[in-house]
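One structure below.
Throughout, read-outs are computed from the coordinates displayed, never taken from laboratory work. For clarity, every value in this text was computed on a predicted model and none was experimentally measured. Positions of Cβ are backbone-derived with ideal geometry, glycine not excepted, and every protein chain shown enters the neighbour counts.
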Amino acid sequence: MNHVKPLVAVVDDDESVGRAIGRLLRSIGVTADTFKTGDLFLARLVAIPSYRPACIILDMHMPGLNGLQVQQRLLDSGIPVIFITAHDAADVRLQALAAGAAAYLRKPFDDEALLDSVKAAVDANSAT
C-alpha cells in the first residue's frame, strides 16, 4: 500500500463484527467506515459523490439488499469487493467471484487472510 492512509468500507449488520474488523484494519494503518446495511453504504455513495473507499468488506447476508445485490450496484465503480459470510454456499460464492469479487472469506476467517485480501485489493485499486 502507498503512504496515503487508505479508507475501507466495512458493511456488516453485526455491529461487533464491524467494530472488530475496524480495529483490525486500524492496526495496519487503514481507516475504516462501518455500515450496518448495504442500503446505508450505497446511500453514502450517492449523498457524497467524492466518497470512494479503496475497497469494501461486504457481508453476504444482511437486512435489505444482500451482498450480491450491493456488488451488482457497484460493478461500474471499480471498487474492489471482499465478501465475508457465515453461510457459505458454493453457488453464491461462484456468483460473487464471477462478478469480480477480490476475495470471498467464510466467517470466522483468519485475520491474516482478511488483511492480505485487503492489502491486495487496495494495492490493485491504487494501481488503476
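Key figures
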item: Candidate aspartates and glutamates for bridging to LYS36, where Cα separation is under 15 Å - those fewer than 8 sequence places away on the same chain excluded; result: ASP12, ASP13, ASP14, GLU15, ASP59
item: Ranking of SER117, SER16 by count of other Cβ atoms within 10 Å, fewest first; result: SER16, SER117
item: Surface/4 estimate of mean projected area, convex hull on alpha-carbon atoms of the stretch 1-68, nm²; result: 4.6 nm²
item: Estimated distance in nm for a label pair at ALA47 and LYS107, the labels positioned 7 Å out from Cα along Cα-to-Cβ; result: 2.4 nm
item: The stretch 7-126, relative contact order [Cα under 8 Å, separation at least 6], %; result: 23 percent
item: Segment LEU40-ALA99, extension gain: residue separation times 0.36 nm, minus the distance between their alpha carbons; result: 19.1 nm
item: Ranked list, fewest to most other Cβ atoms within 10 Å of each Cβ, for ASP76, ASP33; result: ASP76, ASP33
item: Stretch gain in nm, segment LEU7-ARG19, where the contour uses 0.36 nm per residue and the Cα spacing is subtracted; result: 2.8 nm
item: Distance between the stretch 68-97 and the stretch 1-59 - C-alpha centres, whole angstrom; result: 15 Å
item: Two-decimal Rg to Rh for the chain - Kirkwood Rh, Cα set; result: 0.92
